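Q: Here it is, the structure in full.
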Amino acid sequence: MQFKTHPILEELQLNEDGTIVIYKGKELNVKSYQKQGRDNYPYKVVSFRNKTHRLSKLICECWHGMRENRMQTTRRKDHNPHNDHYTNLYWGSSNNVTKKRKRGKHSKIKEADIQDILDRLEKNEPLASIAADYDTSDMSIHRIKKKYLTDKWQILKREIVKAHDGHGRRLAFAKYLTFNSVSEAIDTLGKKQFINKCNELMI
């Protein structure tokens, strides 16, 4: 297990993911903290010198050096708010700064971006974090969530796209019709009617 010393606080050392934090030779207690709000997620903190410090920020400072300016904050490559390993952390633009500025002319979300956004939503990543990366509003991401993750027809189309073969696509359609399997759908609807329905959808 490797440790890094903080570039300014020489008595502070952290290991690769911040599970062990040592200050003045003593191991600090890592706690979880969550701000109130729909899109906020828990993050880890440690307290010393009469102040509470966000753990991800300390890890980034120890392993990547101090940020270039105060507008930067810690970001995660895999967008997983629980992954604080230093290889996953980097200095990036602040969400708060992005949210305050006007939406850019080229910030319209492209069709190719939808799948990535949906994957991040399914991981319960905060709307604000996703919106910041696409220079758009929280409401735009919420509309995508409502359209693709609550509408049964849109869910079916996603499952069809993700299916690896014809059987997988037919199974997705059977479940859309509230059947547990393709055979159950065929037994209830009849093979010809089920196949005709699949053909209509080009499944």
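Q: Identify all residues within the range 72-95 that are of a type in the set (D, E) and either surrounded by 16 or more Cβ atoms within 10 Å (Cβ to Cβ) or in contact (Cβ under 8 Å) with a residue 60 or more places away in the chain (or both); write none if there are none.
A: Answer for the range 72-95, where residues must be of a type in the set (D, E) and either surrounded by 16 or more Cβ atoms within 10 Å (Cβ to Cβ) or in contact (Cβ under 8 Å) with a residue 60 or more places away in the chain (or both): just D84.
Q: Could you check the range 72-129 and list, in sequence order, the residues that are at pLDDT below 75, farther than 27 Å from I20 by Cα and among the polar types (S, T, N, Q)?
A: Those that are at pLDDT below 75, farther than 27 Å from I20 by Cα and among the polar types (S, T, N, Q): N95, N96, T98, S107.
Q: Okay, moving on. Could you tell me whether the range 40-57 includes any residue that is among the aliphatic types (A, V, I, L, M) and not in a strand (DSSP E or B)?
A: Yes: the range 40-57 contains one or more residues that are among the aliphatic types (A, V, I, L, M) and not in a strand (DSSP E or B).
Q: Failed condition for T136, given (1) at pLDDT below 75; (2) surrounded by 11 or more Cβ atoms within 10 Å (Cβ to Cβ); (3) in a loop (DSSP other than H, G, I, E, B), with all others met?
A: (1)
Q: To continue, here is another question. Can you tell me how many residues in the range 14-24 are farther than 12 Å from D84 by Cα and buried (at least 17 other Cβ atoms within 10 Å of the Cβ)?
A: 2
Q: Taking S32, is it without any contact (Cβ under 8 Å) to a residue 40 or more places away in the chain, part of a strand (DSSP E or B) and surrounded by 11 or more Cβ atoms within 10 Å (Cβ to Cβ)?
A: Taking the combined requirement at face value, the residue does not satisfy it.
The values are calculated or read from the model by the stated rules, or taken from the named source; none is laboratory data. Bear in mind that the values here come from a model prediction, so they are computed numbers and not experimental data. Cβ atoms come from the backbone with ideal geometry, glycine included; neighbour counts cover every protein chain shown.
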